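Novice: Just passing along the structure, written as structure tokens.
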Amino acid sequence: MLKLTDFDYHLPEENIAQMPAVPRDSSKLLLVDRQSGQISHHHFFDLPNLLDDSYVIVRNNTKVMPARIFGEKATGGKVELLLLKRVGIGEAGELWEVLSKPGVKVGQVITFGYGLMTAEVKQLENYTRLVEFSLKGEALFAALDQIGHTPIPPYIDWADDDEAHLREIYQTIYAKFSGSAAAPTAGLHFTQEVEQKLANKGIEIEEVTLHVGLGTFLPVKVEDVVTHEMHSESYILTKEVATKLNQAKKNGKKILAIGTTTTRLLEACTNEAGELVAGQAETNIYIFPPYKFKFVDAMVTNFHLPKSTLLMMISAFVSQPNTDVEFVNFADSLVGEAYEVAIKNGYRFYSFGDAMLILGYNEINAN
């Protein structure tokens with residue numbers, strides 16, 4: 001049985017990044033070769049030099065919403081909502097899945113922005129609440145842009161009066177489609193200079209969309225990790241991109257996923273024949289050892305929290321079946337060694353932290 005404690009490690013508080021690197025591509029990049037076991041030190045601006053045109057990069061172009069909103073009940077009590085996922089249209093406006101602090105009751109109406117909009121509580125779930133806003137579409141997003149706050153993890157100490165700067169730095173330079181409650185942080189390291197150098201080497205970049213929500217950052221609370229249930233997140237994989245990536249695989253190209261969200265989407269959309277199936281849907285795919293990756297050959301990822309599903313995915317990726325690296329527990333694994341090396345060498349962890357490039361793709365995927 002895989003236990004939650006099998007994915008634990010100690011991180012000194014000084015290794016938790018409070019600000020991103022400036023410029024973005026000056027962040028450190030730890031290269032891990034999962035076949036040779038070699039670990040080496042680089043910077044993100046070295047990425048084009050570490051790859052050749054046999055790679056195709058895939059990244060998540062979701063855009064972080066100002067998804068934290070502060071409102072008031074009819075009684076005068078204060079309420080904070082974190083918007084997670086749009087689930088449909090109600091009689092008055094859009095229906096959203098949210099987290100609330102403090103708790104709310106069905107039927108309660110919360111007012112935001114001194115009457116700019118309201119939200120009625122429709123349903124309660126274990127973690128989340130279903131609310132119906134009084135606005136929809138562009139009007140709702142305009143209201144969020146006006147009164148909302150960018151959601152950041154609790155381990156980042158950020159002054160609330162610097163919202164404009166936070167919106168700029170907690171967003172990838174290629175973000176396009178609003179809908180995420182957290183950034184796909186592995187993409188924060190990209191700059192236009194890195195993109196141009198990749199293009200000069202003939203390395204293609206394709207984009208997909210997965211809106212980051214509770215499925216990515218909900219903590220695991222069960223000791224037997226197999227019994228953890230992932231929350232679903234919505235995604236879009238266009239037919240055009242699926243066709244290009246399927247052809248790339250047939251041509252012997254290697255797929256380099258930028259981040260765990262991109263990886264989740266690609267693996268969720270891959271059928272038993274190893275081909276991507278385009279679509280717009282939701283996924284609650286849960287990846288932990290021993291998982292055999294069907295489409296992704298290499299990955300760029302940040303350093304993740306202990307006991308998290310993201311750390312489980314990375315552990316599975318480094319030690320997937322049919323490689324010489326077997327996962328027993330994090331501390332004794334290659335990825336555990338990489339994390340230890342990163343900590344000792346002052347790498348910065350979590351959302352604003354440095355990155356890791358995992359190469360040495362599974363030969364079973366090679367053509």
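Novice: Take segment 55-99 and flag every residue that is over 20 Å from the mean Cα position of the chain (by Cα), crowded, with 20+ Cβ neighbours inside 10 Å and not in a strand (DSSP E or B).
Specialist: Gly93
Novice: While we're here: From the list Val296, Val335, Val300, which one is assigned to a loop (DSSP other than H, G, I, E, B), in contact with a Leu (Cβ under 9 Å, 6 or more places away or on another chain) and not basic (Lys, Arg)? Spell out the reasoning first.
Specialist: Working: Val335 fails: assigned to a loop (DSSP other than H, G, I, E, B); Val300 fails: assigned to a loop (DSSP other than H, G, I, E, B).
Being assigned to a loop (DSSP other than H, G, I, E, B), in contact with a Leu (Cβ under 9 Å, 6 or more places away or on another chain) and not basic (Lys, Arg) holds for just one of Val296, Val335, Val300, which is Val296.
Novice: Only residues that are in contact with a strand residue (DSSP E or B) (Cβ under 9 Å, 6 or more places away or on another chain), of a type in the set (Gly, Ala, Ser) and more than 22 Å from Met19 (Cα to Cα): list them for segment 183-202, please.
Specialist: Result: Ala199, single match.
Novice: Pull up segment 30-46, narrow it to residues that are among the hydrophobic types (A, V, I, L, M, F, W, C) and under 22 Å from the mean Cα position of the chain (by Cα), then point me to the one that is nearest to Val194 (Cα to Cα). Even if it seems obvious, please write down each step before you answer.
Specialist: So the first thing to find is which residues in segment 30-46 are among the hydrophobic types (A, V, I, L, M, F, W, C), and the list is 30-32, 39, 44-45.
Narrowing the set further to residues that are under 22 Å from the mean Cα position of the chain (by Cα) leaves 30-32, 44-45.
Working: Leu30: 17, Leu31: 17, Val32: 20, Phe44: 8, Phe45: 6 Å.
It comes out as Phe45.
Novice: Here's something else I'd like to know. Among what's in segment 1-54 and is in a helix (DSSP H, G or I) and polar (S, T, N, Q), pick the residue that is surrounded by the fewest Cβ atoms within 10 Å (Cβ to Cβ).
Specialist: Initial filter on segment 1-54 (in a helix (DSSP H, G or I)): 4-7, 13-15, 24-26, 44-50.
From what is left, the residues that are polar (S, T, N, Q) are 5, 15, 26, 49.
Details: Thr5: 13, Asn15: 17, Ser26: 14, Asn49: 10.
Of everything passing the filter in segment 1-54, Asn49 is surrounded by the fewest Cβ atoms within 10 Å (Cβ to Cβ).
Novice: Another question, if that's okay. Would a scan of segment 139-152 turn up a residue that is surrounded by fewer than 17 Cβ atoms within 10 Å (Cβ to Cβ), within 28 Å of His304 (Cβ to Cβ) and touching a Phe, Trp or Tyr at 6+ places or on another chain (Cβ under 9 Å)?
Specialist: Scanning segment 139-152, I find no residue that is surrounded by fewer than 17 Cβ atoms within 10 Å (Cβ to Cβ), within 28 Å of His304 (Cβ to Cβ) and touching a Phe, Trp or Tyr at 6+ places or on another chain (Cβ under 9 Å), so the answer is no.
Novice: Across segment 225-251, what is the total count of residues that are of a type outside the set (S, T, N, Q) and either modelled with pLDDT under 95 or within 15 Å of the chain's Cα centre (by Cα) (or both)?
Specialist: Kept after step one, since they are of a type outside the set (S, T, N, Q), are these residues of segment 225-251: 225-226, 228-231, 233, 235-237, 239-242, 244-245, 248-250.
Remaining after also requiring either modelled with pLDDT under 95 or within 15 Å of the chain's Cα centre (by Cα) (or both): 225-226, 228-231, 233, 235-236.
Qualifying residue count, segment 225-251: 9.
Novice: What tally of residues in segment 157-185 results from selecting those that are closer than 26 Å to Glu72 by Cα and not charged (D, E, K, R)?
Specialist: Residues in segment 157-185 being closer than 26 Å to Glu72 by Cα and not charged (D, E, K, R): 9 in total.
Novice: Quick one: which residue in Glu72, Glu138, Glu120, Glu132 is among the acidic types (Asp, Glu), at pLDDT 95 or above and under 23 Å from His211 (Cα atoms)?
Specialist: Numbers: Glu72 fails: under 23 Å from His211 (Cα atoms); Glu138 fails: at pLDDT 95 or above; Glu120 fails: under 23 Å from His211 (Cα atoms).
Only one candidate qualifies: Glu132.
Novice: Would segment 75-96 turn up any residue that is assigned by TED's automatic domain parsing to the domain that holds Phe177, within 27 Å of Leu210 (Cα to Cα) and out of contact with any strand residue (DSSP E or B) (no Cβ under 6 Å at 6 or more places or on another chain)?
Specialist: Here is the first cut: in segment 75-96, the ones assigned by TED's automatic domain parsing to the domain that holds Phe177 are none.
Looking through segment 75-96, none of the residues is assigned by TED's automatic domain parsing to the domain that holds Phe177, within 27 Å of Leu210 (Cα to Cα) and out of contact with any strand residue (DSSP E or B) (no Cβ under 6 Å at 6 or more places or on another chain).
Novice: With the structure loaded, tell me whether Thr261 is surrounded by fewer than 23 Cβ atoms within 10 Å (Cβ to Cβ) and either within 22 Å of Thr209 (Cβ to Cβ) or not aromatic (Phe, Trp, Tyr) (or both) or whether it fails that test.
Specialist: On the way: surrounded by fewer than 23 Cβ atoms within 10 Å (Cβ to Cβ): no; either within 22 Å of Thr209 (Cβ to Cβ) or not aromatic (Phe, Trp, Tyr) (or both): yes.
It is false that Thr261 is surrounded by fewer than 23 Cβ atoms within 10 Å (Cβ to Cβ) and either within 22 Å of Thr209 (Cβ to Cβ) or not aromatic (Phe, Trp, Tyr) (or both).
Novice: How many residues does segment 153-206 contain that are exposed (fewer than 12 other Cβ atoms within 10 Å of the Cβ), part of a loop (DSSP other than H, G, I, E, B) and either in the same structural domain as Asn60 (by TED's automatic domain parsing) or hydroxyl-bearing (Ser, Thr, Tyr) (or both)?
Specialist: Total satisfying the criteria: 2.
Novice: Could you tell me whether Ile314 is modelled with pLDDT of 95 or more, of a type in the set (A, V, I, L, M, F, W, C) and within 28 Å of Thr238 (Cα to Cα)? Don't jump to the end; show me each part of the working.
Specialist: Details: modelled with pLDDT of 95 or more: yes; of a type in the set (A, V, I, L, M, F, W, C): yes; within 28 Å of Thr238 (Cα to Cα): yes.
Taking the combined requirement at face value, the residue satisfies it.
Novice: If you scan segment 142-171, which residues turn out to be among the hydroxyl-bearing types (Ser, Thr, Tyr) and either in contact with a His (Cβ under 9 Å, 6 or more places away or on another chain) or farther than 16 Å from Lys63 by Cβ (or both)?
Specialist: Initially, segment 142-171 is screened for residues among the hydroxyl-bearing types (Ser, Thr, Tyr), giving 150, 155, 170.
Residue satisfying the conditions is Tyr155 alone.
Novice: Something else now. Looking at (1) farther than 21 Å from Phe349 by Cβ; (2) out of contact with any strand residue (DSSP E or B) (no Cβ under 6 Å at 6 or more places or on another chain), which one does Ile205 not meet, given that it meets all the others?
Specialist: (2)
The values are calculated or read from the model by the stated rules, or taken from the named source; none is laboratory data. Here the structure is a predicted model, which is why all the values come from computation and not from measurement. We place every Cβ from the backbone using ideal geometry, glycine too, and count neighbours over all the protein chains shown.
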